[in-house]
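In what follows, a single structure is set out as structure tokens and then discussed.
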Amino acid sequence: MIHSLFLINNAGDIFLEKHWKSVISRSVCDYFFEAQEKAMEPDNVPPVIRTPHHYLINIYRDKIFFVSVIQTEVPPLFVIEFLHRVAEMFQDYFGDCSEVAIKDNVVIVYELLEEMLDNGFPLATESNILKELIKPPTILRSMVNSITGSSNVGETLPTGQLSTVPWRRAGVKYTNNEAYFDVVEEIDAILDKSGTTVFAEIQGVIDACVKLSGMPDLTLSFMNPRLLDDVSFHPCVRFKRWESERVLSFIPPDGNFRLMSYHVNAQNLVAIPVYVRQNISFFESGSSGRLDITLGPKQTMGKTVECVVVTVHMPKVVLNANLTATQGNYTYDPVTKILVWDIGKLNQQKLPNLKGSLSLQSGAPKPEENPSLNIDLKIQQLAISGLKVNRLDMYGEKYKPFKGVKYVTKAGKFQVRT
């Protein structure tokens, strides 16, 4: 299965490597660096790269590439899912899946990787099992370990390891019993110059934070479950119940976990939350051009669109930008040729506008194509697909838990062509 794992930062430095079977030379990553160079953007690196003797399967999370080396043919999604589990475990243990956090806790990182894979095959990937095996780092524990020379690895086998419910440890007790669910949706869309939708889909997840005593059995129902396509569940969900009744029935893991992910592919169901009026032109005579961009909210069900950022990758001949923004501020990097306009919140009464002139390299030919706009945004308390949680019921325990649901819509790959 998985022979080796390399962690690579944005600068192309391999800052951690782990081998389970035989040691594979770092030179195998040269094929990955080649693909990275061609891709230009980190998100565009192919997830599966074939080499003469290996397959390199990778993901990009928190400015880190997780690159696994495979010598035999395996289902790629199986390996990709495992790599995401590794990244999530680092996030869970250290509060941050960054290069600094991993380097600061390198001993625990190696202990976790040793437990998560056995001879290259996934073994323990549930957070509650790993936390019983390997205690999460604290300042006091780190000091005691450095003085006594002991490690974070527990001496007893976790109770969940032998249970029919391996994702939940036995004997959980809380003073305050609560269950929170976050419905997070990302819109991937391409709009043409006139504002018509060329492509649109929604990728959604339901993240849960459940802190309930005992062994509760939960049922989560939706107002409109038929919206959902291509659903993927945490192992705790009873799939047959979903197929027959379209409700989620499960014994939850303790703490934070991803309950499900889903797609909404029907283009007529995808509401576009902003509209863009733009005009970017380069003049045939003279070394200049014009830029004019206006954004406004649309189909937001009365919610405020916030954290709006417009990014434009300008052609190489653009030397500088002399622009005026009616809201927010802009920066133009003449080296990377990236224009970033940070707007903030959209105001319905006064629409933000950015316009001005572009300075081009003298004597250079006019750019053949106009650049596209990449838009980032966030809308609180709105699931843009219209998905709504109907109710959460609990069985098997007598207390009444506190329950809460939060909705967030974000932009994924949201592009406007000019």
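The values are calculated or read from the model by the stated rules, or taken from the named source; none is laboratory data. Just so it is clear, the model here is predicted, and its values are computed rather than measured. Ideal geometry is used to build each Cβ from the backbone, glycine not excepted, and the neighbour counts take in all protein chains shown. The area values use the complete protein model at the heavy-atom level, side chains included, leaving out ligands, DNA and RNA. Shrake-Rupley method; radii C 1.70, N 1.55, O 1.52, S 1.80 Å.
If you go through the range 228-249 one residue at a time, do you hit one that is in contact (Cβ under 8 Å) with a residue 60 or more places away in the chain and of a type in the set (S, T, N, Q)?
no
Can you tell me which residues in the range 376-407 are more than 14 Å from Met223 (Cα to Cα) and of a type in the set (Gly, Ala, Ser)?
Across the range 376-407, the qualifying residues are Gly396, Gly404.
Tell me, please, whether a residue that is surrounded by 12 or more Cβ atoms within 10 Å (Cβ to Cβ), assigned to a loop (DSSP other than H, G, I, E, B) and not aliphatic (A, V, I, L, M) can be found in the range 68-76.
Checked the range 68-76: at least one residue is surrounded by 12 or more Cβ atoms within 10 Å (Cβ to Cβ), assigned to a loop (DSSP other than H, G, I, E, B) and not aliphatic (A, V, I, L, M).
For (1) within 24 Å of the chain's Cα centre (by Cα); (2) on the phi > 0 side of the Ramachandran plot; (3) charged (D, E, K, R); (4) at pLDDT 90 or above, each residue gets a yes or a no:
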| residue | (1), (2), (3), (4) |
| --- | --- |
| Val312 | yes, no, no, yes |
| Leu319 | no, no, no, yes |
| Ala325 | no, no, no, yes |
| Tyr332 | no, no, no, yes |
| Leu346 | no, no, no, yes |
| Ser362 | no, no, no, no |
| Glu369 | no, no, yes, no |
| Leu387 | yes, no, no, yes |
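Could you pull out the residue among Ile80, Ile139, Ile64 that is within 23 Å of Asn256 (Cα to Cα), modelled with pLDDT of 90 or more and open to solvent by 10 Å² or more (accessible area, probe 1.4 Å)?
Every option except Ile80 fails the conditions.
All but one of (1) over 20 Å from Gly120 (Cβ atoms); (2) in a helix (DSSP H, G or I); (3) among the hydrophobic types (A, V, I, L, M, F, W, C) hold for Phe82; which doesn't?
The number of the failed condition is (1).
Here's a check for you: in the range 4-21, which residue that is part of a loop (DSSP other than H, G, I, E, B) and on the phi < 0 side of the Ramachandran plot is least open to solvent (accessible area, probe 1.4 Å)?
Restricting to residues being part of a loop (DSSP other than H, G, I, E, B) and on the phi < 0 side of the Ramachandran plot, the top hit is Trp20.
Scan (1) at pLDDT below 95; (2) within 23 Å of Ala35 (Cβ to Cβ); (3) touching a Phe, Trp or Tyr at 6+ places or on another chain (Cβ under 6 Å) for the single condition Asn105 breaks and write down its number.
For Asn105, the failing item is (2).
Read through the list (1) closer than 17 Å to Pro297 by Cβ; (2) touching a Gly at 6+ places or on another chain (Cβ under 8 Å), then give the number of the only condition that Val318 fails.
Status for Val318: all satisfied but (1).
Given (1) of a type in the set (D, E, K, R); (2) outside any helix (DSSP H, G or I); (3) out of contact with any strand residue (DSSP E or B) (no Cβ under 9 Å at 6 or more places or on another chain), where does Glu132 come up short, assuming only one miss?
So the condition that Glu132 fails would be (2).
Going through the range 46-57 one residue at a time, which ones are part of a strand (DSSP E or B) and either among the hydrophobic types (A, V, I, L, M, F, W, C) or open to solvent by less than 80 Å² (accessible area, probe 1.4 Å) (or both)?
Val48, Ile49, Tyr55, Leu56, Ile57
Residue-wise test of (1) more than 22 Å from Lys406 (Cβ to Cβ); (2) open to solvent by 10 Å² or more (accessible area, probe 1.4 Å).
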position	(1), (2)
Tyr174	no, yes
Val183	no, no
Ala189	yes, no
Thr197	yes, yes
Cys209	no, yes
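Of the residues that sit in the range 323-338 and are of a type in the set (Ser, Thr, Tyr) and surrounded by fewer than 16 Cβ atoms within 10 Å (Cβ to Cβ), which one is nearest to Val305 (Cα to Cα)?
Thr326
Condition first: outside any loop (DSSP other than H, G, I, E, B), within 19 Å of Gly120 (Cα to Cα) and open to solvent by 50 Å² or more (accessible area, probe 1.4 Å). Now tell me which residues in the range 22-45 satisfy that.
Within the range 22-45, just Arg26 meets the criteria.
Could you pull out the residue among Gln361, Gln349, Gln327, Gln299 that is in contact with a strand residue (DSSP E or B) (Cβ under 8 Å, 6 or more places away or on another chain), closer than 24 Å to Gly195 by Cβ and not small (Gly, Ala, Ser)?
One residue alone meets the criteria, Gln327.
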